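One structure is given below, encoded as structure tokens.
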Amino acid sequence: MAQKELAEYYQIYVWQLPVRLYHWVNFICIVVLSVTGYLIGNPLAIHSTSEASFQYWFGTVRFLHFAFGFIFFFNFVFRIYWGFVGNRYANWRNFIPLTSSQWKEIFHVLCLDVLMVCKKPLRSIGHNALAGFTYFLTFLAFLFQAVTGFGLYAAMSKSWFPQLFAWVVPLFGGDFAVRQWHHLMMLKK
Ligand code: HEM
């Protein structure tokens, strides 16, 4: 009986530490921003007998939202930078389908994993082209949240950085419109 060919396995270092750090910092930011954002949009009517000036929970919620807004934004900027200096799996080219082979792979993954209408196996290390493109779309959502968030924040802060986004509110036609769009990511009921 013919000797079965043994598969050869070897290790590849795919996700570098900066990419993993970015991922988990981003995860924590989105959880905190979503919870605090929800509370800002739907403030709880907490009744308490203690002196009003002692109750600063909403101020704390807003502070957390803004502080994690900064972390969220600069963590994202760092990931863009790492898309140029990181290894080939971290590279920005994995996210934007510019080549025909990437589009071919996107349709292959759609057929194989999503629609399950083809059987030809796909070998990819790191993100396959469809996953990469999907992350690119989430990056655009992150950018939208950051730009609308800092646009709202520009009216509440004197520091120079949020002022770089002072053009957002007039562009959208007012604070209320920006707030609605910024809240949109929360898929308000
Ligand atoms: C995943 C990212 C984020 C989510 C899901 C999110 C969500 C929200 C939501 C749901 C609100 C309430 C809007 C309303 O109905 O009034 C809000 C308000 C706000 N967000 Fe965000 N946000 C995010 C990122 C950011 C960032 C990066 C900043 C930048 C500083 C920011 C700044 C603000 C500001 C200034 C407000 C208005 C606060 C107020 O009026 O008290 N957000 N956010």
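The residues of region 113-146 that are at pLDDT below 95 and assigned to a helix (DSSP H, G or I), listed by number, are Asp113, Val114. Pairs meeting the criteria (first residue in region 170-181 and closer than 10 Å to Leu152 by Cβ and of a type outside the set (Phe, Trp, Tyr), second residue within 10 Å of the ligand (Cβ to nearest atom) and at pLDDT 95 or above, beta carbons under 6 Å, at least 6 apart or on different chains) are Val178/Thr148; Val178/Gly151; Val178/Leu152. When the residues of region 147-188 are filtered to those that are part of a helix (DSSP H, G or I) and of a type in the set (Ser, Thr, Tyr), the one that is farthest from the ligand (Cβ to nearest atom) is Thr148. Scanning region 147-158 for residues that are at pLDDT 95 or above and open to solvent by 30 Å² or more (accessible area, probe 1.4 Å) turns up Val147, Tyr153. Within region 1-17, if we keep just the residues that are within 23 Å of Val85 (Cβ to Cβ) and open to solvent by 90 Å² or more (accessible area, probe 1.4 Å), the residue that is modelled with the lowest pLDDT turns out to be Gln11. Within region 18-51, being open to solvent by less than 70 Å² (accessible area, probe 1.4 Å) and over 25 Å from the mean Cα position of the chain (by Cα) holds for Ser48, Ser50. Can you say whether Arg93 is within 16 Å of the ligand (Cβ to nearest atom), more than 14 Å from the chain's Cα centre (by Cα), modelled with pLDDT of 90 or more and not β-branched (Val, Ile, Thr), as far as the supplied structure shows? Here the answer is no, as Arg93 does not meet what is asked.
The values are calculated or read from the model by the stated rules, or taken from the named source; none is laboratory data. What you see is a predicted model, and the numbers here were worked out from it, not measured in a lab. Every residue, glycine among them, receives a Cβ derived from its backbone with ideal geometry; neighbour counts consider all protein chains shown. SASA here: full protein model, heavy atoms, side chains in, ligands and nucleic acids out. Shrake-Rupley method; radii C 1.70, N 1.55, O 1.52, S 1.80 Å.
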